[in-house]
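Where a number appears in this text, it was derived from the coordinates with a stated rule and is not lab data. Here the structure is a predicted model, which means the values were calculated and not measured. Note: ideal-geometry Cβ built from the backbone for every residue, glycine included; neighbour counts use all protein chains shown.
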Amino acid sequence: MVAVALPDIRDEFSLSHGAVAWLISGYLIAMAVAQPIGGRLGDQIGRARVYRGGLLVFLVLAVITPFSPNFPTLVILRVAQAAAGATLIPNGMAMLRTHAPPEQLGRLNGINGAVLSFAAAVGPLIGAATLAIASWRWLFPISVPFILLALLLLQRLNVRDPEQVPRTPMDWIGTGLFVGVLVSLTLQLASLREETTVVESVLRWGGTALIAALFVWRQRTTASPAAEWRLFRVTSFAAATAYALLSNLTMYTTLLMIPFFIREVQGKSTELSGLLLGAMSVLVAITAPFGGRLSDAWGRRPSAQIGSVLMLIASVALLGGLTPDVSPVYLASCLALLGLGLGLGVGAAGTAAIESAPRTLAGSAAGTSSMMRYVGSIVGAGILAGVLNSDSAGGDVATFRLVMIAVITTAALAVVASMFIHKFVANEAVPLVREPTAEAI
């Protein structure tokens, strides 16, 4: 819903492209950083308990956010919403992982993905309809009845957590460094087209590299790193997680680009943007269950490969037809094909990532994998902000074509990543639980 409202928010607060992008980037950074923490908390103190807490905090923030008096306050409240929402995805996926029969995990993940995609499909449509009759501020309380329903359904679940992993302290220093890496990377991407000297560029990227080096050092030396990095030693987990990052980068860059292209190049309405984005999400919702069944029958790798190839074809087609007078039907067809690829591949890759880890680390695995998916979204938002530049002028066709070239590159890399995802899991993943040290205890 917020994606289609970005042009309106930008106009109300008199913001540049780069500034308004922080409403998305801040949310995504908080989501990426908090998901491993949320998943680990679920592993340690109970997934249903953490899930319920996240819903309650999100509910309060959904009521407060519409009253934001200025843009910085709006960004802060959205970041807080992201931190609360970050507990939901890993713990929901972990509960499914620990309770679903292994031979049905792909199908059930597909159904779960379809529900999420249906919500994503309805979101832009509801957002566009709301903007047609009211202010963008009304977008936030729309989620309140859905949160109340989720709390009611959670009460009816009989969730039994597996044996909980030993409690270890959170690595807040590493988490802070991770935030620094993502914020610095976002700033660098947002300034891609700014006129800077060679010295300034070296200093900026050197600072980013220094923060990244400190983060890596911290993760290698601490007894309780921010995420379960040992999982990346498993080839299939690393490949599936890379696939999630690249596919989300492809999807999110396109999703954020379309409203600006429709408004600034074609001069058409926000309602049209909502319908076009809905076309992509509807196809994800329709095909995700089929993709899950396909991955159960044929294996995770074939489903991911088919999905990534379709994403690549859709991205190339969208670049080829990106002209000022391109028809909405053509755009909708390209976006629908992109949604088809996402529906077939993302669920299979997500299932592969989770089942590559032991059941006791399902929350940490889901949180770490989902974290990287949001890193892809952060890079996508940063690329869009950087290519559109930081001034208030609208972009031209050549600018949006440059964005699509980046999208095609990431879709092609997703095809490569899909080749290293396992087809079927031969047996339960090798335990990777880190033995607690005296310092950690």
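Note on the chain: with a GNM built from Cα contacts shorter than 10 Å, the maximum mean-square fluctuation among PRO358, PRO101, PRO90 falls on PRO101. Shown is the FRET efficiency for ARG156 and GLU103, computed with R0 = 25 Å from the Cβ-Cβ distance and rounded to the nearest 0.05: 0.45.
GNM remark for the chain: springs join alpha carbons under 10 Å apart, and the peak mean-square fluctuation among ALA82, ALA119, ALA381 falls on ALA119. Centre-to-centre, using Cα atoms only, segment 203-258 and segment 47-108 are separated by 21 Å. Counting Lys and Arg as +1 and Asp and Glu as -1 over every other residue whose Cβ lies under 10 Å from the Cβ of GLN104, the net charge comes to 0. Computed per residue of the chain from DSSP H runs no shorter than four, each worth -39500 (n - 2.57), the mean residue ellipticity at 222 nm is -25500 deg cm²/dmol. Normalising the average separation of contacting C-alpha pairs (under 8 angstrom, six or more residues apart) by the number of residues puts the relative contact order of segment 274-381 at 37 percent. Comparing LEU154, LEU276, LEU108 in a Gaussian network model of the chain (Cα springs below 10 Å), the most mobile by mean-square fluctuation is LEU154.
Available extension along the chain between ILE142 and ILE405 is 91.1 nm, counting 0.36 nm per residue and deducting the alpha carbon span.
Of the DSSP H helices in the chain, those that are both long (alpha-carbon extent of 24 Å or more along the helix axis) and hydrophobic (Kyte-Doolittle mean at least -0.5) are 17-45, 47-64, 105-133, 172-190, 198-221, 235-260, 270-298, 300-320, 328-355, 362-388, 397-418.
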